[in-house]
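For reference, the structure is listed below as structure tokens.
FYI, it's all coordinate maths here, none of it is from the lab. This structure is a prediction, so every number in the text was calculated from the model and none was measured. Because the Cβ atoms are built from the backbone with ideal geometry, glycine has one as well, and the counts that use them run over all protein chains shown.
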Amino acid sequence: MRSIVSSTTGPEPAAPWWRDAVCYEIHPRAFADGDGDGVGDLAGAAARLDHVARLGADAVWLTPFYPSPLADGGYDIADHTAVAPDLGTEADFDALVARAHGLGLKVLIDLVPNHTSDTHPWFREALAAGPRSAARERYLFRPGRGVDGELPPNDWQSAFGGPAWTRVPAPDGGPGEWYLHLHAPEQPDLDWRHPEVVADFERILRHWLDRGVDGFRIDVAHTLFKAPGLPDAGPGQHQDILRNHLMPYHDQEELHPLFRTWRRLLDTHPAPSGAVPPEQRVMVAEAAVFEPARLARYVSPGEMQQAFNFAFLESSWDGAEMRAVIERSAASMRAVGAPVTWVLSSHDAVRPVTRYGGGPRGRRRARAAALLMLALPGAAYVYQGEELGLPQAHIPDDRLRDPLWERSGHRERGRDGCRVPLPWEGASAPYGFSTAAPDACWFPQPGDWADLTVRAQEDDPASMLALYRAALRLRRAAPVPADAVAAPEGPADGSWFAFDRAPGLRCLTNFGPEPLPLADGDEVLLASTPLDGRTVPADTTVWLRSAGGTTAIAS
Ligand code: GLC
């Protein structure tokens with residue numbers, strides 16, 4: 001087999017830091033509690049940042065820490081330029097940024113431009129001002145259909161189930177207009193054609209840049225603009241099977257000029273000391289756009305730098321499917337000169353250990369998937385607890401917070417099971433997360449996590465934490481050329497494939513069912529499960545120093 005990294009010839013320009021970066025996602029309320037009230041906070045996060053630095057990450061991304069009634073885990077924001085009182089103060093934020101920068105970590109924060117909280121002053125003003133007022137024009141208020149306006153203005157559905165419209169009372173107390181919310185009713189959508197909305201988000205970007213952040217993760221970046229006239233969307237909304245079917249609230253053309261203005265702002269707004277220079281700032285798109293060529297537009301020149309590759313996260317543990325995702329993603333990103341941004345988990349996804357089947361098999365596959373992801377050329381995001389191999393936790397019904405639970409009529413438990421406080425140390429809950437009683441903690445932690453704590457895994461060379469640390473160390477030591485693209489090779493049935501991350505570092509994943517003998521001369525650098533002699537068992541990824549980049553598998 002030949003060497004599979006392709007790159008331009010000639011001297012390599014220094015690649016921007018984010019192309020091959022590993023960014024660690026912190027969901028603050030579940031990360032570490034600094035003040036003993038049972039809720040993770042910014043001071044707690046700052047105190048535990050050395051864990052992220054020791055892991056070997058390049059950056060952290062903080063999910064929303066802004067004032068919020070928490071109708072959707074903090075993604076319902078009442079004030080985009082303040083800190084939620086239960087998470088701390090602006091001084092705590094500044095201290096966290098300073099600590100991160102001191103440890104060599106860049107800081108990304110969440111920008112949530114699609115909607116506000118229904119407690120945001122703008123929405124309160126809109127409700128008070130009444131129909132056809134200027135205050136309502138910042139949102140999407142419309143009269144209803146039907147004889148008395150009793151039907152929603154169109155057929156759009158909320159991502160959390162049920163109609164995406166809620167009716168508000170008229171000034172006389174009778175039934176009035178409807179407003180649009182693609183998520184919970186407590187998250188009214190903004191009208192991005194309104195100049196004040198555009199201007200306010202520029203103010204918000206500048207505010208946080210002045211406080212030293214190095215970039216932004218752009219929440220539901222694909223939904224900001226809605227098709228003119230708000231036409232019906234038809235059947236199949238929010239169903240994966242139709243995900244390439246363009247909805248009138250998805251992926252509209254006007255997004256791209258907007259993102260270009262943000263990019264210009266980031267590239268030129270002065271940077272305070274400690275932060276990266278303006279031209280090194282990053283925006284990462286959270287865009288549920290599954291057609292790779294359309295997703296690539298978000299990271300085309302002059303727009304964002306990264307876009308989460310959810311197709312990789314959503315792929316089942318199947319070699320042919322994963323290989324196809326890797327090839328398609330790499331080709332479309334390469335066409336616009338952007339890296340692929342790999343992701344296996346987030347605060348919205350079922351934990352990989354559970355997703356890949358749970359138990360020993362799920363753990364084994366999650367380990368193999370991690371080594372596969374971390375070898376791929378491009379950036380990678382690691383969600384807190386992924387490096388510990390945490391499974392999805394069961395949360396009792398009466399503790400569930402995710403709006404999906406209520407809005408699905410208790411059919412979907414939602415995402416809370418991956419938002420359980422991290423276990424740091426100790427034999428029982430709250431495992432060093434807090435000094436509060438376990439019942440007072442953000443979510444209850446399972447009773448059997450003693451072996452999964454950071455402390456327990458620290459000295460165990462066979463632990464998930466040890467695997468992530470070793471992988472991040474080796475990955476850093478084997479940087480890929482800026483325009484390298486993984487081109488997996490292997491049999492058509494997808495039972496295994498291999499690619500070179502960098503000259504001399506080859507990654508091979510055996511999806512099974514048969515064990516694979518390694519070629520003579522290939523040195524094993526890292527393996528997700530112990531090898532049987534020189535044989536790679538099923539559901540295992542190995543990193544190899546290949547003998548001359550020729551072959552990985554003995555024929
Ligand atoms: C994003 C967030 C998710 C939130 C949604 C609405 O998808 O990751 O947690 O519910 O946006 O803001």
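Along the charge dipole of the chain, pointing to its positive end and built from +1/-1 on Cβ of Lys, Arg, Asp and Glu, which listed residue (Thr453, Thr341, Ala233) has its Cα farthest out?
Of the candidates, Thr341 comes out farthest on the positive side.
Based on Cβ point charges of +1 for Lys and Arg and -1 for Asp and Glu, what charge dipole magnitude is obtained for segment 378-426 about its Cα centre, in debye rounded to the nearest 20?
Using only the charged Cβ atoms, the result is roughly 200 debye.
Give the residue from Gln306, Val536, Trp317 lying farthest towards the positive end of the charge dipole for the chain; charges sit on Cβ (+1 for Lys and Arg, -1 for Asp and Glu) and the dipole is referred to the Cα centre.
So the residue we want is Val536.
Work out the FRET efficiency for Asp172 and Asp439 from their Cβ-Cβ distance, taking R0 = 56 Å, and round it to the nearest 0.05.
Numbers: r = 46 Å, r/R0 = 0.83.
With R0 = 56 Å, the Cβ-Cβ based efficiency is 0.75.
Angle, helix 319-335 long axis vs. longest principal axis of the chain, Cα atoms, 0 to 90°, nearest 10?
That helix lies at roughly 70 degrees to the long axis.
Any idea how far the Cα center of segment 140-191 sits from the one of segment 273-331, in Å?
33
Taking +1 at the Cβ of each Lys and Arg and -1 at the Cβ of each Asp and Glu, which of Ser428, Gly38, Trp61 sits farthest along the dipole of the chain towards its positive end, judged by Cα position relative to the Cα centre?
Comparing the listed Cα positions along the dipole, Trp61 ranks first.
To one decimal place, what orientation-averaged projected area in nm² is obtained for the convex hull of the Cα set of the chain?
Approximately 25.5 nm², given one-decimal rounding.
Please rank Asp397, Asp532, fewest neighbouring Cβ atoms within 10 Å first, as an exposure proxy.
Ordered by Cβ neighbours within 10 Å, fewest first: Asp397, Asp532.
Under unit Cβ charges (Lys, Arg +1; Asp, Glu -1), what dipole magnitude, rounded to 20 debye, does segment 51-122 have relative to its Cα centre? Spell out each step's value before the answer.
Details: 3 positive and 10 negative charges, 84 e Å.
The dipole of segment 51-122 has a size of about 400 debye.
Would you work out if segment 375-444 is rounded, prolate or oblate? Take a ≥ b ≥ c from the square roots of the eigenvalues of the alpha-carbon gyration tensor; rounded if a/c is under 1.5, else prolate when a/b is larger than b/c, oblate otherwise.
Oblate, since a/c reaches 1.5 and b/c is not below a/b.
Only Lys, Arg, Asp and Glu count, each charged at its Cβ (+1, +1, -1, -1), so figure out the dipole size of the chain about its Cα centre, rounded to 20 debye.
The calculation lands at about 1200 debye.
Based on the Cα coordinates of segment 1-156, what is the per residue volume of their convex hull in Å³?
237
What nm distance separates the two modelled labels at Asp210 and Leu265, each placed 7 Å from Cα along Cα→Cβ?
Placing both labels 7 Å beyond Cα along the Cβ direction yields 1.3 nm.
Tell me, Ile109, Ile77 in order of fewest to most beta-carbon neighbours within 10 Å?
Details: Ile109 20, Ile77 28.
If I rank by nearby Cβ atoms, fewest first, I get Ile109, Ile77.
May I ask you to sort Asp79, Asp41 by Cβ crowding, counting other Cβ atoms within 10 Å and putting the fewest first?
Working: Asp79 16, Asp41 28.
The order, fewest Cβ neighbours first, is Asp79, Asp41.
What per residue convex hull volume, in Å³, comes out for segment 192-338 when only alpha-carbon positions are used? Can you show the working numbers first?
On the way: hull volume 17.1 nm³, N = 147.
It comes to 116 Å³ per residue, whole-number rounded.
Percent relative contact order of the chain, based on C-alpha pairs within less than 8 angstrom and at least six residues apart? Walk me through the numbers on the way to the answer.
Numbers: 1218 pairs, mean separation 87.2, N = 555.
Reported relative contact order: 16 percent.
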